[in-house]
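Before any comments, here is the structure.
Any read-out appearing in this document is the output of simple, stated calculations on the displayed coordinates, not a laboratory observation. Bear in mind the structure is a predicted one, so any value in this text is a computation, not a measurement. Every residue, glycine among them, receives a Cβ derived from its backbone with ideal geometry; neighbour counts consider all protein chains shown.
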Amino acid sequence: MTKILGLGHSHIVAIAKGCYELQDEGFQLGGALLVSRFLYLYDPELTPTLTEESASSRLNPRLRGIIEDEEPDGIILSVGGNEHIALSVLQPKERFDFILGSEPELDLEPGAVILPEAAIRETMREKMASTLTTIEAIRKETSAPIICLEPPPPLPNSRIMQHPQEFFRKSFDPRRLSGDVFRYKMWRTQSALYREICMREDIPFAAVPAEFMAPSGMLAEVVWGADASHANALFGRRMIQAAAELIEPRLGDGRQ
Amino acid sequence: MKTHPYSKRPDYALWRRAVADVAPGELDPVAEAPFRFGVREKIATAGSCFAQHIGRYLKSSGCNYLVTEPPHSFVSPQAADALNYGLYTARYGNIYTSRQLLQLFERAYGRFTPKESHWREGAGHVIDPFRPQIQPGGFNTARELDFDRERHFEAVRKAFETLDVFVFTLGLTELWRSREDGAAFPLCPGVAGGDYSPARHEFVNLSVDEIVSDMTAFLRGLRAVNPAARVILTVSPVPLVATAEARHVLTSTMYSKSALRVSCDALSRTFSQVAYFPSYEIVAGGYAPTDYFASDRRSVTPEGVAHVMRVFERHFIKRNAAGEALRGALRALGPTRSAPAEDPIAAAMRVMCDEEALALERIGPSSSEEPSAAEPALQNESGKESAAHETLADKPEREADSADPVNERLVD
């Protein structure tokens, strides 16, 4: 058996669903049957995820204990991942946009203030501090290979309008909704920060497959979840397969 | 008893009374400031790195510190700091020389456009030659820099046109400029971007005449757009970090500071709206009883900065009961007290995740076993006991519970 431990927040649910489907079909990883266990990091018994010890952040002792006891052959992370949408679903009074350095040809919203990408990135970095620190802390706790999964891209406005209660406590002005292209850029910026920390921590990064990206940059409808920010089991299944390809060459020989 | 021009000089004119006999921390080389400003008057700052101390003090002391290029409301405070918003009145970074200040003014009003408008540092990395360290990683494209520059110049014009008092700290005389059009760079090309080329760049060490000429042009320009503007000039006590002259860095430092000091004297005698404030004398004059340099002999100690600002406040800020009350109120409303208790994005994240987490209990591989009895039970968020460190694999699939709570969402 090849034992995988999945850790994460809300997106881990679709990943787990997909993983279980694969397990039911006898999916093998490294020549052995895949078994998995997934933990939700907002589980009250596992929070706070990080504790301060000797002026540095460490994982919750209970979580550390689980990782130690499980002795997983590999760890799959889907930590955080909604920061981009939380930051971008509504535009402030003074609408803004930015040039995405990796795709500078993308449209800019007419009339919006154009901010430097660095301002977006550094703000996002601050809002993702807990997510990024958690990834670092997990890396410190285990020598098992770790794969970080890219969160799904945003869903289009039409979907958000179907599920406004997911984002808004009360009624909102739909004119303040951000544009799809803007949200795509925000997601890309978020992914760049994941990639940055993954490179630093020697964690392979499993990107969202191209077939799940609509031409607009939104999440393809075929993998939409039940709401306007999450993906479904098909997405999870494919991400597990992508993770398996990355993790296989790193598997140790001590598997049961 | 005979009288002569020195017999009735005030205390400040006599070394023994003004320097030798004063208590530590009480050296005050200002005789009488030509003007004072009130707490409602808008103060702008610019200059070499020592000017940052002045700006910080003015902000924290409840003065009306003018910021015409604030960060957009989206930008977090930490990111704003990283991108040098609020460091000065506008996001121009350090302005070390008189030439740079004049050039900024001319560029903001469209009278000068340097040929060397940006430096490419590989893919997705463009540096502003005139603000090479204004933000981490520079700009992602020349187009992004153009957008930012346009907004910046708008803020610079607004600053010059609306300020009441402009405090400018002169720092250096040495600079590097373009041979093609004379554009002055704050840092030598190649140091923080760009490539140094002797064919395209040349070294200049400004003379007193050149400094006075630059500053005169600037002051006339400022008066044209803001006739009531008053200017306080000061010389940074911070020595040169390096010299490009073929001589000792200390010798070059002494030249630079002397030339700047002489220029300030000439300017304050010529222009009635210009005052000189002796930061240099207090810190680097060598006459204060306390050594105000840190061990690197460049950094000014907090005590030195405090001494400078104490003297500045004593002579340049109008004091009256109403003004003090207003300053006290402004201090109390300062940014250090406005930090929210909880970050709304973190709250939104948690709420979004909570909703999805309800599904964790409903799924699992169809072949999964029941939870091991050896596993301790944990409480989920609704208070119901759920099995074992909630491994999704351990949970049997079950129908959605129509009574599941609906989490309130937020992003707004």
Exercise for review: Assuming R0 = 35 Å, can you tell me the calculated FRET efficiency for the pair A:GLU103 and A:MET161, based on Cβ-Cβ distance, to the nearest 0.05?
Suggested key: 0.85
**Study point:** Positive-pole candidate from B:SER178, A:LEU33, A:GLN190, dipole of the protein assembly as shown, charges at beta carbon
**Key:** B:SER178
Exercise for review: Would you pull out the residues with amide H under 5 Å of B:GLU174's amide H, same chain only if 5 or more places away, H placed 1.01 Å from N?
Suggested key: B:LEU206
Practice item. Return the distance in nm (one decimal) between the two label points of a simple spin-label model at A:VAL222 and B:ARG247, each offset 7 Å from Cα along Cα→Cβ. Key: 7.6 nm
Review point. Residues of B:141-149, mean number of Cβ from any other protein chain within 10 Å of their own Cβ, rounded to a whole number?
Key: 4
Point to revise | Projected area averaged over orientations for segment A:25-162, convex hull of C-alpha atoms, nm² | key: 12.9 nm²
**Study point:** Taking chain A and dividing mean pair separation by its residue count, relative contact order in percent (alpha carbons under 8 Å, at least six apart)
**Key:** 27 percent
Practice item. Going by C-beta contacts inside 10 Å, put B:THR216, B:THR97, B:THR243, B:THR290 in order with the fewest on the left. Key: B:THR290, B:THR216, B:THR243, B:THR97
Point to revise | Value at 222 nm in deg cm²/dmol, rounded to 500, when DSSP H runs of n ≥ 4 in chain A each add -39,500 (n - 2.57) | key: -11500 deg cm²/dmol
Review point. In terms of modelled amide H atoms, which long-range or inter-chain residues lie less than 5 Å from the amide H of B:VAL167?
Key: B:ALA44, B:THR45, B:ALA46, B:ILE232
Exercise for review: For B:GLU313 paired with B:ASP81, estimate the spin-label separation in nm (one decimal), with each label point 7 Å from Cα along the Cα-to-Cβ line.
Suggested key: 2.2 nm
Practice item. Using +1 at the Cβ of each Lys and Arg and -1 at the Cβ of each Asp and Glu in chain A, identify which of A:VAL89, A:ILE12, A:ILE67 lies farthest towards the dipole's positive end. Key: A:VAL89
Point to revise | Per-residue ³J(HN,Hα) for segment A:103-110, Karplus 6.51 cos²θ - 1.76 cosθ + 1.60, θ = phi - 60°, Hz, x for Gly and Pro | key: 9, x, 7, 4, 4, 10, 6, x
Review point. Once both labels are modelled 7 Å past Cα along the beta-carbon direction, what's the B:SER73-B:THR290 spacing in nm?
Key: 4.3 nm
Study note, to complete from the structure: The set of residues whose placed amide H lies less than 5 Å from the amide H of A:LEU108, leaving out same-chain residues fewer than 5 positions away, is none
Check your understanding: Once fully extended, how much extra length lies between B:ALA217 and B:LYS2, figured as 0.36 nm per residue of separation less the alpha-carbon to alpha-carbon distance?
Key -> 72.7 nm
Study note, to complete from the structure: Relative contact order in percent for segment A:7-79 (Cα pairs under 8 Å, 6+ apart) equals 40 percent
Review point. What list do you get for A:LYS185, B:LYS257, B:LYS59 if you sort them by fewest beta carbons within 10 Å?
Key: B:LYS59, B:LYS257, A:LYS185
Point to revise | Using θ = phi - 60° and Karplus 6.51 cos²θ - 1.76 cosθ + 1.60, couplings along segment B:158-171 (whole Hz; Gly, Pro as x) | key: 4, 4, 5, 7, 10, 5, 9, 9, 10, 9, 10, 9, 7, x
Study note, to complete from the structure: Surpassing 28 Å at the alpha-carbon level, of the pairs A:LYS93/A:LYS170; A:LYS170/B:LYS59; A:LYS93/A:LYS127; A:LYS127/A:LYS185; A:LYS93/A:LYS185; A:LYS3/A:LYS140, are A:LYS170/B:LYS59
**Study point:** Spin-label proximity, A:LYS93 to segment B:42-78 - amide N less than 17 Å from point 7 Å beyond Cα toward beta carbon
**Key:** B:70-75
Exercise for review: Would you please give the FRET efficiency between B:ARG36 and B:ASP209, computed as 1/(1 + (r/R0)^6) with r the Cβ-Cβ distance and R0 = 35 Å, to the nearest 0.05?
Suggested key: 0.65
Exercise for review: Sort A:TRP224, B:TRP15 so that the residue with the fewest other Cβ atoms within 10 Å of its own Cβ comes first and the one with the most comes last.
Suggested key: B:TRP15, A:TRP224
Exercise for review: Quote the FRET efficiency, to the nearest 0.05, computed for B:GLU303 versus B:SER60 with a Förster distance R0 of 22 Å and r equal to the Cβ-Cβ distance.
Suggested key: 0.85
Exercise for review: May I ask you to derive the relative contact order of segment B:11-337, considering only C-alpha pairs under 8 Å and at least 6 residues apart, and to give it as an integer percent?
Suggested key: 23 percent
Check your understanding: Once phi is turned into ³J(HN,Hα) by the Karplus curve 6.51 cos²θ - 1.76 cosθ + 1.60 with θ = phi - 60°, what whole-Hz value does each residue of segment B:217-229 show in order, with x for glycine and proline?
Key -> 4, 5, 5, 5, x, 4, 5, 5, 9, 8, x, 8, 4
**Study point:** Residue (of B:GLY62, B:LEU102, B:PRO77) at the positive-pole extreme of segment B:11-337, dipole from beta-carbon charges
**Key:** B:GLY62
